[in-house]
Amino acid sequence: MNVKESNLPGIGRKFEIHTRGGEKLVVIIHDDGRREMYHFEHDDHDETISTITLDDDEARQVAAIVGGMTYTPKMLETVEMAFDELIIEWYKIEPHYKSIGQSIGGLDVRQKSGAMIIAVIEKNHAKHVSPGPELVIQNEATLVVVGERQQQRLIKQILLNGSG
């Protein structure tokens with residue numbers, strides 16, 4: 001996911017969100033507390049599909065719902081109990097990541113972070129389950145990584161910086 005943040009002088013702040021699935025959402029937080037959300041066509045990021053305006057209380061309630069504070073899906077409860085401290089994260093490799101073109105083994109991700117890459121899904125949807133150290137990380141690939149919170153922070157830095 002990519003988020004661009006910008007000031008809107010006299011209005012508030014704008015957040016432009018591009019999801020991993022290619023969706024575009026714009027959220028404008030007005031200085032008076034109102035929130036406007038704009039959802040755009042998948043294939044035409046200039047064409048609005050829908051808009052909604054929320055006051056401050058409504059926005060906070062929606063944030064709690066979306067963030068899982070009011071309901072945790074049964075599947076996630078089961079996964080959290082089964083893995084306890086382990087977390088599964090998905091990292092989309094963005095064009096500025098220095099790990100692009102390097103192999104998993106060359107980055108030494110498991111030894112340097114303690115986390116393990118359990119799958120890689122490439123831009124062309126090719127899937128590599130339990131990839132070996134020879135797999136080269138490509139731009140716009142998605143890496144599925146399992147590890148504890150600190151290990152996840154370390155692997156993210158390795159992917160961003162190309163080293164540990």
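The values are calculated or read from the model by the stated rules, or taken from the named source; none is laboratory data. These numbers were taken from a predicted model, which means no experiment stands behind them. FYI the Cβ positions are ideal-geometry reconstructions off the backbone, even for glycines, and counts take in every protein chain you see. Side chains included, ligands, DNA and RNA excluded: accessible areas come from the protein's heavy atoms. Shrake-Rupley method; radii C 1.70, N 1.55, O 1.52, S 1.80 Å.
Give the ranking of 53, 19 by solvent-accessible surface, highest area first, calculated with a 1.4 Å probe.
From most exposed to least exposed: 53, 19.
Per-residue ellipticity at 222 nm for the chain, helices alone: DSSP H runs ≥ 4 residues times -39500 (n - 2.57), over residue total, nearest 500 deg cm²/dmol?
Dividing the helical sum by the residues of the chain leaves -7500 deg cm²/dmol.
Taking the Cβ-Cβ separation of residue 66 and residue 134 as r and a Förster radius of 45 Å, what is the calculated FRET efficiency to the nearest 0.05?
Rounded to the nearest 0.05, the efficiency is 0.70.
With each pseudo-label sitting 7 Å past Cα toward Cβ, what's the residue 46-residue 160 distance in nm, one decimal?
About 3.4 nm, to one decimal.
Classify region 88-151 as rounded, prolate or oblate, taking a ≥ b ≥ c as the square roots of the eigenvalues of its Cα gyration tensor: rounded when a/c is under 1.5, otherwise prolate if a/b is larger than b/c and oblate if not.
Here region 88-151 falls in the rounded category.
Which entries of 14/98; 4/127; 4/112; 24/112; 127/156 show an alpha-carbon separation above 26 angstrom in the structure shown?
14/98; 4/127; 4/112; 24/112
Which value, in debye to the nearest 20, describes the size of the charge dipole of the chain about its Cα centre when Lys and Arg Cβ atoms bear +1, Asp and Glu Cβ atoms bear -1, and nothing else is charged?
Here the chain has a charge dipole of around 720 debye.
By how many nm would the segment from residue 118 to residue 3 lengthen if fully extended, with 0.36 nm per residue of separation less the alpha-carbon distance?
Contour length minus the Cα-Cα distance gives 38.8 nm.
Per residue of region 92-108, in order, report the coupling 6.51 cos²θ - 1.76 cosθ + 1.60 (Karplus, θ = phi - 60°) as ³J(HN,Hα) in whole Hz, putting x for Gly and Pro.
Each residue's phi maps through the Karplus curve to give 7, 7, 8, x, 8, 5, 7, 7, 4, x, 9, 7, 4, x, x, 6, 6 Hz.
Enumerate the calculated ³J(HN,Hα) couplings along region 35-52 in order (Karplus 6.51 cos²θ - 1.76 cosθ + 1.60, θ = phi - 60°), each rounded to whole Hz, writing x wherever the residue is Gly or Pro.
10, 10, 10, 10, 10, 10, 3, 4, 8, 9, 6, 9, 9, 6, 8, 8, 9, 8
Expected output is a single nm value to one decimal: the length gained when fully extending between residue 153 and residue 15, i.e. 0.36 nm times separation in residues minus the C-alpha distance. What is it?
Length gained between residue 153 and residue 15: 47.3 nm.
Could you please put 26, 66 in sequence from largest to smallest accessible area, using a 1.4 Å probe?
66, 26
State whether the chain is rounded, prolate or oblate according to the following rule on the C-alpha gyration tensor (a ≥ b ≥ c being the square roots of its eigenvalues): a/c under 1.5 gives rounded; otherwise a/b larger than b/c gives prolate, and the remaining case gives oblate.
Taking the square roots of the gyration eigenvalues as a ≥ b ≥ c, the chain is prolate.
What is the percent carbon and sulfur in the accessible area of the chain, measuring with a 1.4 Å probe over the protein chains and ignoring ligands?
Of all accessible area on the chain, carbon and sulfur atoms account for 53 percent.
To the nearest 20 debye, what is the magnitude of the charge dipole of region 109-152 about its Cα centre, counting +1 on the Cβ of each Lys and Arg and -1 on the Cβ of each Asp and Glu?
Charge dipole, region 109-152, about its Cα centre: 100 debye, nearest 20.
Hey, got a sec? Which trypsin sites (Lys or Arg not before Pro) in region 1-53 land in a DSSP loop and have at most 14 other Cβ atoms within 10 Å?
Listed in order of number, the matching sites are 20.
Considering the options 40, 12, 22, tell which one lies farthest towards the positive end of the dipole of the chain, charges being +1 on Lys and Arg and -1 on Asp and Glu at the Cβ, about the Cα centre.
Most positive-ward Cα: 22.
Give me the 1.4 Å probe accessible area per residue for the chain, excluding ligands and nucleic acids, in Å².
For the chain, the solvent-accessible area averages 65 Å² per residue.
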